[in-house]
Structure formats: C-alpha cells, structure tokens
Amino acid sequence: MTELSPVLKQATPVTVDHGSGCYLYGTDGRRYLDFTAGIGVTSTGHCHPHVVAAAQAQVASLIHGQYTTVLHRPLLELTDRLGAVLPAGLDALFFANSGSEAVEAALRLVRQATGRPNVIVFHGGFHGRTVAAATMTTSGTRFSAGFSPLMPGVHVAPFPTAFRYGWSEQEATAFALRELDYLFTTLTSPADTAAFLVEPVLGEGGYIPGNTEFFRGLRERADRHGILLVFDEIQTGFGRTGKFFGHQHFGVRPDVITIAKGLASGFPLSGIAAPRELMARAWPGSQGGTYGGNAVACAAAIATLDVIESEGLVENAAVRGEQLLRGLRDCATKAIGDVRGLGLMAGAEFTTATGEPDPVTAAAAQRAAIAKGLLLLTCGAQMNVVRMIPPLIVTDAQIEDALAIWSEVLAEL
Ligand SMILES: Cc1ncc(COP(=O)(O)O)c(C=O)c1O
C-alpha cells in the first residue's frame, strides 16, 4: 500500500470533503470556518459559483495551450485585464504556476536586466521552497536546512521587526536602514547589487507589516544606486491587505512585483509584472515552462478579478480586517505579546511571562480552535504566531463567530 510521504507535515487533522464560501466540510461530517483560505489563496471563498462556471466552461473548450507553442484567449484576456489593477508602469507580465517560480522568474529578470549578481533580502522574509527561493527565505531555517549548498549572491538585511527588537517602529526602521547601508560598505557594493526583494507584510515570518519610512528608504537607495525594488506580493496581493497590492499602503513604487495565491482562487497561477522596457532587457527565451499561464487557471483568474470588483472585496478586506484586528486586541490575554496585521492578514504572537516566544501555547491555541470548528495556522520563525487569513468574502457575522471561538480558546488555555 502506498501512502503520502511523511515529509508533508499537516497543520490540521482535517480531511476535506468539500468547500463552500468561508467553510470547509470535513469527511468527519463537521463544518469548519476556514480562516486559513489555503494559505491566503481562496480569496473569493471556496468554489465561488462565478469562478466554478468560468473554469468549467474553459475545461470544455481548451485545457492546456502550451504558451511558448501557441497563445490562447484566456491568457491574452487575463494579461489585458490585469492592466486595470497593476501599479502604473508595470505593463508587461510573465506567468508561471507557483509563487516560488514567480520569485525565481523575478530573480532571473533582475540579474539579466542589471548584469549584477547579488540580491538583498530582508530578515524574516519568505519567498518559497525551490533552491533559489529557499536561499532568499529567512523566515526559518526549516525552509533551507539539510540541502545545502544553497545559491550564492544573497545578502540579508534587517526588516523593521519592532516587537522582536523591543524598539519603537522608528528605532527599528532607523536600525534596518543603517544596517542596509553598512551591508553596502561591507558585503555587497551597490554596483554588485541587482535588487532588493521584500514582502510588504512579512507573511510566513510572523505577519509583520513594513512601514512607509522603511520602504521609502529602500526606494531612495534603489534610485540612487540603480538597484531594482521587487515587492513579493504573492501573499499580500489581490486585495488581501485592504488595498489591491500591499505596497500601495506605503506609497512606494515597485520595479517588479511577484503575484500568485489570490490571483486565481486556488488554480495554480503565478506571475511577475514589470515595465516592458525592463522585461526587454532580459534575455529572450530565458523565461518559460510547460504549464505556465494554463488556460483553465487564466479563466479562473479572470473570473476572480470579476468577483473582486463586483463584490467589493478589497474594501471588504479593509473593513473586516479592522474588525478582526480590533476584536483580536480586545480579547488578547497576557499569553499574547502582540497583535498586528494589515487588512485580512492578522496575527497574534504568543509570548511567555518573560516575553520569550511561546510556540507551545500558540500550537495549543491553534489545536483548540480547530476542535471548536475554526481552522487557523501558525507562522513566525518560532511558530509562535497564530494567523488569521479568511477569504476576502468574509462577513461581519463570520468574523464575530471566529472571535467568539478565539476568546473561548484564550480563556481556556
Ligand atoms: C510571500 C510569498 N512568497 C512566495 C511564496 C511561495 O509560493 P509557493 O508556495 O506557491 O511556491 C509564498 C508562499 O507562501 C509567499 O507567501
């Protein structure tokens, strides 16, 4: 008898029968309020009828039109539709399947376009599991341990993680930018540095939003030195944070963004967007792949864009996100050192009485919530942050239901 490899670690004991909206229905006959959304993917909810209809229609017409062999309508239409939501000037797209592939595509682009070898990433960032993406991931050694050698040319600068340092946001930001400048004089000269790769909100690293001063500092240094600023919007994109893209909270212009997750409501689709002129500096034929820009995934993405717009999901994420954060703050006990987030990315960080990370209590809280019918995940380098990432269609009442369960869990810890 064959079985799933033990390398896959399950965050919950649930086997799903089907999903609908904000709920997953287990083979155990139970209904679960899903505040994991497939790690920030099913933004339109599970099996949104408009997405289902678009995918079903596409399956009957063309499933796979390999995009370096032929073009197809869903790919061209999606490219066109994304023009309405992408940041100004990012007018060329390349599509792949997973977030890690998009990150690798961005890496190839920035190295080829600048002719420079190095990239600077920010401590606590998560960018994926393929070797290059894992090298650029610093949210936990669990993502890169045991399969070295990793990729050369990656340097790590601090992210303004104020709570961890025990500093104010301003102090943490001043420190992060000072250390970045020090990195330029000690490890990678600006002339050798192709890009900064940064998440607007650290995701896997603990749900820690960046701030305007920090990102402006990156933009200013990027402009001064001809370095490209790449925002990894794989988790923060498509309305998740209450703006269409996470970096838009900070008024800072990206040179490249990576996209995936919320783009196609669960179909595997990712991509990078950059100015056409920048893309043209990469080597023709250097990007591609068998499955990229799959026709069914593109049709689902077009339908996803329709739903985001017609149901006002970006606005809903902003309003419901505030409700969620407020509720999490109101019911926080002394087991919780910090509550933070942006839009519908909310995290509660568990700490001990002496302020140390407390993964044991975080895991116990996550398990207890699941037992009460609320699916949650943990994150953070020490896995001591419980995160809530509901679908963007989440209602006022569903947020209140989740908060009621969470309050009970905290009271019973
Ligand atoms: C910010 C960010 N970048 C990259 C990735 C990697 O995406 P994938 O797991 O699809 O390879 C993730 C996945 O969680 C992510 O959150």
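The values are calculated or read from the model by the stated rules, or taken from the named source; none is laboratory data. Everything numeric here is computed off the predicted structure, so don't read it as measured data. Cβ sites come from the backbone with ideal geometry, for glycine too, and all protein chains shown count toward neighbours. Ligands, DNA and RNA are stripped out before the accessible areas are found, and what is left, the full protein with its side chains, is counted by its heavy atoms. Shrake-Rupley method; radii C 1.70, N 1.55, O 1.52, S 1.80 Å.
Structure notes:
- Scanning segment 130-180 for residues that are open to solvent by less than 40 Å² (accessible area, probe 1.4 Å), in a loop (DSSP other than H, G, I, E, B) and among the polar types (S, T, N, Q) gives Thr137, Thr138, Ser139, Ser144, Thr161.
- Residue that is farthest from the ligand (Cβ to nearest atom) [pool: residues in segment 189-211 that are in a helix (DSSP H, G or I) and touching a helix residue (DSSP H, G or I) at 6+ places or on another chain (Cβ under 8 Å)]: Ala191
- One residue alone among Gly83, Gly99 is modelled with pLDDT of 95 or more and within 11 Å of the ligand (Cβ to nearest atom), and that residue is Gly99.
- Against the criterion of being in contact with a Gly (Cβ under 6 Å, 6 or more places away or on another chain), in contact (Cβ under 8 Å) with a residue 60 or more places away in the chain and over 17 Å from Leu263 (Cα atoms), Val59 does not qualify.
- Matching residues in segment 379-413 - criterion: being assigned to a helix (DSSP H, G or I), open to solvent by less than 10 Å² (accessible area, probe 1.4 Å) and more than 14 Å from Ile336 (Cα to Cα): Ile399, Ala402
- Matching residues, segment 218-230, being open to solvent by less than 10 Å² (accessible area, probe 1.4 Å) and away from the ligand (no atom under 12 Å from the Cβ): Leu218, Ala222, Ile227, Leu229
- Applying the criterion of being within 11 Å of the chain's Cα centre (by Cα) and of a type in the set (Ser, Thr, Tyr) to the residues of segment 238-270, the residue that is nearest to Leu344 (Cα to Cα) is Thr241.
- Exclusive hit being β-branched (Val, Ile, Thr) and touching a Cys at 6+ places or on another chain (Cβ under 9 Å), set Thr27, Thr36, Thr79, Thr69: Thr79
- Just one of (1) over 18 Å from the mean Cα position of the chain (by Cα); (2) in contact (Cβ under 8 Å) with a residue 12 or more places away in the chain; (3) surrounded by fewer than 20 Cβ atoms within 10 Å (Cβ to Cβ) fails for Ala194. It is (3).
- Among (1) touching a residue at least 40 places away in the same chain (Cβ under 8 Å); (2) touching a Gly at 6+ places or on another chain (Cβ under 8 Å), the one test that Pro357 misses: (1)
- Single residue of segment 87-125 satisfying the filter (in contact with a helix residue (DSSP H, G or I) (Cβ under 7 Å, 6 or more places away or on another chain) and in a loop (DSSP other than H, G, I, E, B)) that is surrounded by the most Cβ atoms within 10 Å (Cβ to Cβ): Arg116
- Applying the criterion of being away from the ligand (no atom under 12 Å from the Cβ) and among the polar types (S, T, N, Q) to the residues of segment 106-137, the residue that is nearest to the chain's Cα centre (by Cα) is Thr135.
- Look at segment 229-255: where a residue is more than 19 Å from Ser43 (Cα to Cα) and a partner is within 12 Å of the ligand (Cβ to nearest atom) and acidic (Asp, Glu), sitting 6+ places away or on another chain with Cβ atoms under 9 Å, you get Phe231/Glu199; Pro254/Glu233.
- Restricting the first member to segment 314-335 and to residues that are outside any helix (DSSP H, G or I), and the second to residues that are crowded, with 16+ Cβ neighbours inside 10 Å and of a type in the set (Phe, Trp, Tyr), the beta-carbon pairs closer than 9 Å and six or more apart or on different chains are Cys331/Trp406; Ala335/Phe350.
- Leading residue by the ranking (surrounded by the fewest Cβ atoms within 10 Å (Cβ to Cβ)) among those in segment 40-66 that are touching a strand residue (DSSP E or B) at 6+ places or on another chain (Cβ under 7 Å) and of a type outside the set (Gly, Ala, Ser): Cys47
- Criterion: away from the ligand (no atom under 16 Å from the Cβ) and under 27 Å from Gly65 (Cα atoms) - qualifying residue of Ala260, Ala264, Ala282, Ala318: Ala282
- Here Thr212 clears all of (1) touching a Gly at 6+ places or on another chain (Cβ under 8 Å); (2) in contact (Cβ under 8 Å) with a residue 60 or more places away in the chain; (3) not aromatic (Phe, Trp, Tyr) except the condition numbered (2).
- Criterion: open to solvent by 90 Å² or more (accessible area, probe 1.4 Å) and under 30 Å from Ile259 (Cβ atoms) - qualifying residue of Leu4, Leu33: Leu4
- Matching option when the condition is of a type in the set (Asp, Glu) and open to solvent by 20 Å² or more (accessible area, probe 1.4 Å), among Glu233, Glu204, Glu199: Glu204
- Among the conditions (1) within 16 Å of the ligand (Cβ to nearest atom); (2) surrounded by 24 or more Cβ atoms within 10 Å (Cβ to Cβ), the only one that Cys298 does not satisfy is (1).
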